[in-house]
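Reading through the C-alpha cells given below for one structure.
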Amino acid sequence: MIEHIKPDHPETTHLAADSLSPDQAARELAWLAKQLTAANTAYHRDDAPEISDADYDALKKRNLAIEAAFPDLKRPDSPSEQVGGAIAEGFGKVQHAVRMLSLGNAFDDDDVTDFDARVRKYLGLGDDAPLTYTAEPKIDGLSLSLRYESGVLVQAATRGDGSVGENVTANARTIDDIPERIVGAPDVLEVRGEVYMSHADFAALNERQNAEGAKPFANPRNAAAGSLRQLDARITKSRPLRFFAYAWGEISAPLAPNQSGAIARLSDLGFVTNELTATCDGPAAMIAHYQMIEERRALLGYDIDGVVYKVDDLELQRRLGFRSTTPRWAIAHKFPAELAWTTLEAIDIQVGRTGALSPVARLKPVTVGGVVVSNATLHNEDYIAGRGGDGAPIREGRDVRVGDWVQIYRAGDVIPKIKDVDLARRPNDAVPFAFPKLCPECGSDAIREEGDAVRRCTGGMICPAQAVEKMKHFVSRAAFDIEGLGAKQVEQFYSDGWIKTPADIFTLRDRYGIGIQQLKNREGWGEKSAQNLFDAIDDKRKVPLNRVIFSLGIRHVGESAAATLANHYISWTAFEAAMTHAVVGEGDIWDDLIGIDGVGAVMASSVITAMQQEAERASIDALVAQLDVQDAAAVATDSPVAGKTVVFTGTLEKMTRAEAKGRAEALGAKVSGSVSAKTDILVAGPGAGSKATKAEALGVQTMDEDAWLALIGEA
Ligand code: IVH
C-alpha cells in the first residue's frame, strides 16, 4: 500500500482508478506527480532515496492506472513521461582534460592472480620477472578532480560521466583536507581522490538532521555526495567532508617515476593520502595486505569497499594503457557482498531485447547495505533449480520457490542476487517453479540452444516485448537519442501500431501525411510537440556509424564494441559488405574481424548472424535506407599511422602482440590479423612466414619492429 508515504495524500488512493470522479482523479494525479518528482530528485539528484523501490513502483502504477482511466486529465508534467532522474541543474559542466575512469573488479584471490597474469602477459614479462604493485583501501565516497594552476586551486569537478563532470569548485574550497595553495607542484596538476564522510561525522550529521526535522541520510556515501553537490556552498561548509588523494589527471611534469613515489609527493604537497597504502611484490603480498585491511575495516572510522591494486611503475602503466572505461594497470579487489534475508513473494518472467526470458524475484522489501531491495535477478532456469552454469549444484542443489525465505546479496553496485534459501522455513505448499516453455508475451516457443543457459523467445520482431525492447534500445541515449521519443512514447506508438520496426520511426511523418494532425489529437501531444518530434527525428537521420551499429541491439555488441567495429570498418558500406560475405569461423573476413582488438569469436559470430538473418536484415536495410550514415573518423588523425591498416607477424621483441595492437589502435591505425591488398604496413619480426611472403607479393610496405617504433615515435 502506498498510503503511508506522505501524510497529505488524497483520500482516494484506496479506490479503483476508474471509480474516481474527474475531480478526484485530477487531484490524485497532481499529488502523484509531486510525490514521484520528489522521489526521482531524491534518488537521482540528491543520492538520498526517500522511499523504497516497491513504494515507488506502486506510485508509478497508480499514476498509470488513473491516466488510463482519465486520458484527458494526463498532466503536461506527467511522471509517466519521465525517464530516469533529474540531473542536477545549476552546476556548470567541466570537460575533464584526462577522462576519469572506473576500475575493473576482482572478487576473489584467483581474480587477483589472474590480474597479475594478464599484466605480465600484456607486458611480455615472465612469471619470475620482478613486478611491484601498490595496494590501498578503496574509499567508498565519490571521486573529485582538483585542478591546480601555478599552485592555486582553480577548479574542482565531480566525475560525472567520466568525460564531463560538474563544477563544484566553491564547494570543494570548503573542505579542510583540500589545500587552496600548494608549493613546489608542477604548473598544471590535477589531483584526484575521494570525498567521503567519517562514521562519526555521519552519525552527528544525521542526529542534526533528525533534530531539525530533516531527512537523515541512508549511508555516509549518500551523505558525502548530497553534501558536496549542494548549490549553496555554505551548506557544504557546514558538512564535515574529507578528502583522500590517490591519483592525478592532467599534469605538466611527472610527479615521480612510480605510483608510490607520486603519492608520496602528493602527501608532501599537503594532501591527505591513505596510510594503509603499501607496495607489494606480487599477488601473495597483495592478498596479504587485503586481508590486513579487511581485518581493520571495522575500526577505520570510514567506509571502504575493497582494496585497489595498481602497477607501481608509471612507465609500465603507460604501456598497459586503458580498455574502454578501465585501466589495464589497476583493479579493485572488492570485499564480500552484504547479505540479508527476506521472503520471495513471486517470480516474474521478463522478455528482453534479445528474447531472453529473465526470471526476476519479487521480494518483500529489505534493506541490504543501506539500500532497500525489492527485486533480485534469478538469472535463468538452472539457477532457480539449483544448478550452476556448468551443471554442477549451487546452494548444494537447493532450488528456489515462491514463498521461500531467501538470502539476498549486493556486491558493489551490481543488481541484487539470491545467494541462499532456508529449507527449514519453506512453506509446506511451496512447489518447484515451472519455467515457461512458451514466451509469456507472445506465446512463441521459448527454446534453449545447446550450451546456452538462457531460454529465448523465438518470436523475433513479432514478439511485442522484444520489438518494444529493441526499439527502446534504438532510441536510447547512446543510440539514436531522439528528443521527445523515449521509452514511454515507443510503447505508446507501438501499441497503436504506428511503429513496428526502427525504420518506421523515420517514415512516420510521411506515412501520416497529416502526421501532425494525427498526433495532435493524441493526449499529451499538441501541434508544437508533434512538430518538434518530427523535426527531432529528421535531425537524427545524419548519424555516426558507431551509433548505427550500437542501435541495432545485436547481442554482445555494446557501445564500446560498436565503436571498435565502426573504427575498423569506417563506413556502413564496408561494414555491411564484410558482414554479408563473412563466414562464421573461417576465411579472410572472419580472420580480419576477430583480429580486431576487443572482438572475440562470440561477438563476431553474433554480428555476422544478425546481419545475415533474413528478417532482421530486411529491417536493418529498411532503416539504413532512411539514414545518412557518417563514416567513423580515424581515432588520431595527426599520427603517421592514422587510418593505416597494419599487420603484425613473427616475434615481437620489445612488446607483446596485445600491446603492439593497443598502441597502434590508439594512434588511429587499424590492426588486422591477415595480409591483403588493403594492408598498408606489415611489421615483421623474426620468424615471419607466409604473411611476409604474401605482403611481398602484394607490394605491401614491410618493416621490422625497430622501424615501426621509430615510425610511431617510440624508438
Ligand atoms: S584509482 C584510473 N584508487 O573507485 C583509475 N580509485 O571503481 C583511477 N576509488 O572512480 C581510480 N578509492 O572513485 C582509485 N584508492 C583508490 C580509490 C578509488 C576509491 C573510486 C574512484 C573510482 C572508483 C572506481
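The values are calculated or read from the model by the stated rules, or taken from the named source; none is laboratory data. Worth saying up front: this structure is predicted, and the values here are computed from it rather than measured. Here Cβ is always computed from backbone atoms with ideal geometry, including for glycine, and neighbour counts include all displayed protein chains. Note: accessible area is taken over every heavy atom of the protein model, side chains too, but ligands, DNA and RNA are not part of it. Shrake-Rupley method; radii C 1.70, N 1.55, O 1.52, S 1.80 Å.
In table form, for the structure just shown:
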{"quantity": "Solvent-accessible heavy-atom area per residue, rounded to whole Å², over region 305-386 at 1.4 Å", "calculated": "35"}
{"quantity": "Convex hull volume of region 592-715 per residue (C-alpha atoms, cubic angstrom)", "calculated": "126"}
{"quantity": "Label zone at L64 (point 7 Å along Cα-to-Cβ), backbone N below 15 Å, region 427-455", "calculated": "441"}
{"quantity": "Potential extension, R541-D161 segment - 0.36 nm per residue separation minus Cα distance", "calculated": "134.2 nm"}
{"quantity": "Point-to-point label distance, R511-A615, nm (Cα→Cβ direction, 7 Å offset)", "calculated": "1.7"}
{"quantity": "Per-residue HN-Hα couplings for region 216-229 [Karplus 6.51, -1.76, 1.60; θ = phi - 60°; Hz; x = Gly/Pro]", "calculated": "x, 7, 6, 7, x, 5, 4, 5, 5, 5, x, 7, 6, 8"}
{"quantity": "Reachable lysines from K93, criterion Cα separation under 30 angstrom, eight or more residues apart if same chain", "calculated": "K34, K138, K215, K237, K310, K472, K488, K528, K540, K542"}
{"quantity": "Förster-model FRET efficiency, 45 Å R0, Q209 and K364, C-beta, rounded to 0.05", "calculated": "0.95"}
{"quantity": "Share of carbon and sulfur in the accessible heavy-atom surface of the chain [1.4 Å probe, %]", "calculated": "50"}
{"quantity": "Lysine pairs with alpha-carbon atoms under 14 Å apart, region 585-715, spacing 8 or more or separate chains", "calculated": "7"}
{"quantity": "Estimated FRET transfer efficiency when R0 is 45 angstrom, pair S690-N105 (beta carbons, to 0.05)", "calculated": "0.65"}
{"quantity": "Between region 289-329 and region 170-195, the alpha-carbon center distance in angstrom", "calculated": "22"}
{"quantity": "Computed over the chain, Kirkwood Rh from alpha-carbon pairs, angstrom", "calculated": "29.0"}
{"quantity": "Separation in nanometres of the label points that stand 7 Å from Cα toward Cβ, at T37 and N532", "calculated": "1.6"}
{"quantity": "Å² per residue, accessible surface of region 474-621 at 1.4 Å", "calculated": "44"}
{"quantity": "Shape metrics for region 340-424, restricted to C-alpha atoms - Rg then Dmax, Å", "calculated": "12.5, 38"}
{"quantity": "I499 long-range amide H proximity, modeled H, under 5 Å", "calculated": "Y494"}
{"quantity": "Theoretical FRET efficiency, 1/(1+(r/R0)^6), r = Cβ-Cβ of N428 and A346, R0 25 Å, to 0.05", "calculated": "0.85"}
{"quantity": "Lysines with Cα under 16 Å of K364, excluding same-chain neighbours fewer than 8 positions away", "calculated": "K417, K419"}
{"quantity": "Stretch gain in nm, segment E449-S676, where the contour uses 0.36 nm per residue and the Cα spacing is subtracted", "calculated": "78.1 nm"}
{"quantity": "Separation of the D177 and L299 label points, Cα + 7 Å toward Cβ, nm", "calculated": "2.0"}
{"quantity": "Within region 684-715, backbone nitrogen closer than 15 Å to the virtual label 7 Å beyond the Cα of D597 toward Cβ", "calculated": "709, 712-714"}
{"quantity": "3J(HN,Hα) from dihedral phi, region 308-324, Karplus parametrisation 6.51/-1.76/1.60, rounded to Hz, x for glycine, proline", "calculated": "9, 9, 9, 4, 6, 6, 6, 5, 5, 4, 4, 5, 5, x, 10, 7, 4"}
{"quantity": "Average accessible area per residue (Å²) across region 653-715 - probe 1.4 Å, nucleic acids and ligands excluded", "calculated": "48"}
{"quantity": "Residue-averaged [θ]222 nm for the chain, counting only DSSP H segments that reach four residues, each worth -39500 (n - 2.57)", "calculated": "-10500 deg cm²/dmol"}
{"quantity": "Karplus 3J(HN,Hα) series, Hz, for region 691-702 with 6.51 cos²θ - 1.76 cosθ + 1.60 (x for Gly, Pro)", "calculated": "5, 5, 4, 5, 4, 5, 4, 8, x, 6, 4, 10"}
{"quantity": "Net length gained if the chain between A170 and T325 were fully extended (0.36 nm per residue, minus Cα distance)", "calculated": "52.9 nm"}
{"quantity": "Loop GluC sites (Glu not before Pro), region 342-442 (other Cβ atoms within 10 Å of the site Cβ: 10 or fewer; DSSP)", "calculated": "none"}
